[in-house]
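Enquirer: I have a structure I would like to understand better, so I am pasting it below and will then ask my questions one at a time.
The values are calculated or read from the model by the stated rules, or taken from the named source; none is laboratory data. This structure is a prediction, so every number in the text was calculated from the model and none was measured. Glycine gets a Cβ as well: all are built from the backbone with ideal geometry, and neighbour counts include every protein chain shown.
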Amino acid sequence: MKLISFLMALFFLVTGIHAQTIQGKLVDNRQQAIEYANIVLQQTDSTFVKGMTSDGKGKFRFDKVTQGDYRLVISNIGFQTLYIDLQGFHRSTDLGTLVMEEVSQQLGEVSVTASNVISSADKKMVFPNQKQVNASANGVDLLRNLMIPTLQVNPIANSIQTTDGGSVQLCINGRKASQNEVMALQPSEILRVEMEEDPGVLYGDAAMVVNYVVRRYEMGGSLGYNGQQSVKSLFGRHNANGKLNFGKSEVSFYYNAENQIFDEMWSVRNETFLFEDGKAYHRVMKTDPHNMKTLTYNGGLTYNLQDGNNYMLNVSFGLQNQNRPNYVEKGELFTWEYPNSVTMREDWKHIRNTSPYLDVYFQKNLKNKQFLAINAVGTYIDTYNRSRYQEFLNDETIVDYYSAVKGKKYSLITEGIYEKGFEHGGKFTSGIKHTQSYTDNGYEGTLNYQTQMRQANTYGYAQYRGKVEKLNYRFGMGVTRSWFKQEGQEDYETWSLNPQFNLNYTFNKHWSTSLTGGLNTGHPSLSQLSAVEQLTDSLQISRGNPLLKPYDSWNSNFRLNYNKGKVNIGFFGKYNHRENPIMPYIYRENGKFIHSYANHNRFQNLNVGMNVRVGMLWDILQLSGSISNDTRWSRGINYNHHHNSLGWSLEAAMLYKKFVFSASYQKNTDYLFGENFTTGEVIHYIALQYRIKKLNVGLMMLNPFENDYCRNENNLNQYAGNTFEYHIDDSARMIWATLSWNFSFGRDYKSGSKRMNNSDTDSGVM
């Protein structure tokens, strides 16, 4: 018996050493749970040990904590930071219910001297401080003020992409979200921003996922307005949004209006045509100064019903409308061979696109760490485009092409996701997504066509994420089935496999590295597959290609990261290889030059560089910069192009009391795809903002060092090559006035975490 007792005591002692826990629950003074609070376990010398956030019930738990001296640092925006010393920790400890005191209005400018970036194996978490929140007008603006070195945020277009030009999938509480939804976020609601690079098979070809973790209100809601208006032109962007919460229900809306009106635009195009008989024809097209008006209106209404962590139902209805009325280019058209014979040219266009949609989403948390989600999105896209191209010689009409396109597209997207978590920390995810669409397009005018197209795409995927000591891994496999049928043409069906992997190794608290690879499948769009042709001018025709096939795209990504205190440095290398990619194709046919698409030989892209983030320095200054070298190889059916370019950026922001001064200079790398070449855009700006309670006002100047904003685009084709430059005077030294007003009322409540938000934007019109 003594031996048995001794062995049992030894067993409990050993297991206790390896199974010691620290847990607790966070509430405010009203005993409401505080979710998404930042909890850091560190040694007494401030060395980071572990980090996490509280769950929807305010609970947290650290497992497998060894004996030693520790300190818990618990923080959350709007609350005073808690410091809990655990000296001589040697056994599991339940801290019970911890009350976090709300900070007073006078404490709104609390300094943040430590790094607000926490890196884990699969993602980075950035916690905005109060100054960054106060300086921001919306979710996109906050991302810009966070100065994440791997992201590039354009404050004029409100676009977000990686520094090497990769696409970014936006999410809100884990669900896919549109940019309009992110624009409607109030900065005070955003608890943290999570970033996952190369996220795997669930997100297709997205280079990064940016997830906003936000609060919700139990009773009450919010109202907000964000506006940007150019002083120099009628270029403006205005967004209104609101939420109303009552119990388990939430009703929200957003409305976005964008007016792009440029008064002084002009362009010059030099073209060289080489005919079948060897003769060359050089043409110059100059336009007179003209204006361009693009009006975009988007709105949405959402109802959300959530029962804690049990289930959530989300129903959204929205409408998107874009209109470019009466766009007219007038100018001269002449040739080198006959410089005195000048032809007058007029190109008129009217473009309208209206798209209503209905999105229904349901998720359910099941027993044993299981999760199920179902999503269905129905979309109708109505397109009406008209154009007329004319050439005049001595007041006589020699060319007159008219085209009217009426397009109707109906689509239904359905997706289901199943997840299963395991006690050892691993997670299995699987899902299936199916898209069914029907397009009916009518082409009237000089050429008349009626075409109907049917398309079906099915994508099934499975992924497993796990960990072995310091190595985190993720392996996934996707299977794609694509089917297409055009009236009068034979249908085709293709299958493809899409494996992906991610390896992430943490050397120590400062250094980590990752390697990602995956095989994706690129599919032709409906407009590319259309057999319809349209007359561009007297020499050129645009035509689709129904013989296009899907292609394989291999992506690999290597990163080496260093993070210490206020300094974050990243080194990266990205490689993309596309076999038989779909790229533009120009060929000659009966004295005409046909602009179409084809499966070419291959395309390769190598991008290497580094990015740096420093701040906050002296509690007022933060800096961010990047530099990269981009090399592209484009090998077509009858061409071989290679190009190398350098891109860099530098951003600075100074936050002092209620003032924010920011400046940025970005030189993007050049773009080469197929035979289309575009010089990298240079964007720079300076901005000053001031906050008055719930009102944020500011001024911004775009391109202050430019007298004339100019973009250069070239086509390197041997038969119909051209150089094209267009000028927008309004974009040089453009002054913007900004204004935002955000008002909230109510108490915090657990927010839903919708995992999917599918959409359809391909009209199918060529």
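Enquirer: Considering only segment 278-329, how many residues are at positive phi and modelled with pLDDT of 85 or more?
Expert: Step one: of segment 278-329, the residues at positive phi are 278, 308, 326.
Cutting the leftovers down to modelled with pLDDT of 85 or more gives us 278.
Looking only at that region, the number is 1.
Enquirer: Identify all residues within segment 628-682 that are in a strand (DSSP E or B), of a type in the set (Val, Ile, Thr) and buried (at least 21 other Cβ atoms within 10 Å of the Cβ); write none if there are none.
Expert: Let us first name the residues in segment 628-682 that are in a strand (DSSP E or B), namely 628-635, 640-656, 659-667, 671-673, 676-678, 682.
Now drop any that are not of a type in the set (Val, Ile, Thr), which leaves 631, 660, 678, 682.
Within segment 628-682, 660 is the sole residue that qualifies.
Enquirer: Can you find a residue that is modelled with pLDDT of 90 or more and assigned by TED's automatic domain parsing to the domain that holds residue 387 anywhere in segment 486-495? Show your work before the answer.
Expert: Step one: filter segment 486-495 for residues modelled with pLDDT of 90 or more, giving 495.
Those left that are additionally assigned by TED's automatic domain parsing to the domain that holds residue 387: 495.
Yes, the conditions are met somewhere in segment 486-495.
Enquirer: Moving on to the next point. For residue 425, indicate whether it is touching a residue at least 12 places away in the same chain (Cβ under 8 Å), surrounded by fewer than 17 Cβ atoms within 10 Å (Cβ to Cβ), in a loop (DSSP other than H, G, I, E, B) and not basic (Lys, Arg).
Expert: Values: touching a residue at least 12 places away in the same chain (Cβ under 8 Å): yes; surrounded by fewer than 17 Cβ atoms within 10 Å (Cβ to Cβ): yes; in a loop (DSSP other than H, G, I, E, B): yes; not basic (Lys, Arg): yes.
The answer is yes for residue 425.
Enquirer: Are any residues in segment 345-383 under 30 Å from residue 333 (Cα atoms) and aromatic (Phe, Trp, Tyr), and if so, which ones?
Expert: Within segment 345-383, the first condition is being under 30 Å from residue 333 (Cα atoms), and the residues that meet it are 345-352.
Listed by number, the list holds a single entry, 348.
Enquirer: Spot the failing condition for residue 691; the list is (1) charged (D, E, K, R); (2) buried (at least 16 other Cβ atoms within 10 Å of the Cβ); (3) without any contact (Cβ under 8 Å) to a residue 40 or more places away in the chain, and only one is missed.
Expert: Unmet for residue 691, out of (1) charged (D, E, K, R); (2) buried (at least 16 other Cβ atoms within 10 Å of the Cβ); (3) without any contact (Cβ under 8 Å) to a residue 40 or more places away in the chain: (3).
Enquirer: Further question: If we only count strands (runs of 3 or more DSSP E) wholly inside segment 537-622, which ones have 1 or more residues that are at positive phi and crowded, with 17+ Cβ neighbours inside 10 Å? Working first, answer last.
Expert: On the way: elements: 540-543, 551-564, 567-579, 582-589, 592-599, 602-617.
Strands (runs of 3 or more DSSP E) meeting the threshold: 602-617.
Enquirer: Check every one of the strands (runs of 3 or more DSSP E) wholly within segment 189-283 and list those with 1 or more residues that are of a type in the set (A, V, I, L, M, F, W, C) and under 19 Å from the mean Cα position of the chain (by Cα). Talk me through it step by step, then tell me what you get.
Expert: Numbers: elements: 190-197, 208-214, 216-230, 236-246, 249-274.
It comes to 190-197, 208-214.
Enquirer: As an exercise: evaluate residue 212 against (1) assigned by TED's automatic domain parsing to the domain that holds residue 360; (2) modelled with pLDDT of 85 or more; (3) aromatic (Phe, Trp, Tyr) and give the number of the one condition it does not meet.
Expert: (1)
Enquirer: A further question on this structure: Kindly indicate whether any position in segment 368-387 is exposed (fewer than 14 other Cβ atoms within 10 Å of the Cβ), assigned by TED's automatic domain parsing to the domain that holds residue 307 and assigned to a strand (DSSP E or B). Write out each step before concluding.
Expert: If we filter segment 368-387 for residues that are exposed (fewer than 14 other Cβ atoms within 10 Å of the Cβ), which is where we start, we get 368-370.
When the remaining residues are screened for being assigned by TED's automatic domain parsing to the domain that holds residue 307, the result is 368-370.
Checking the rest, the ones that are also assigned to a strand (DSSP E or B) come to 370.
Within segment 368-387, one or more residues are exposed (fewer than 14 other Cβ atoms within 10 Å of the Cβ), assigned by TED's automatic domain parsing to the domain that holds residue 307 and assigned to a strand (DSSP E or B).
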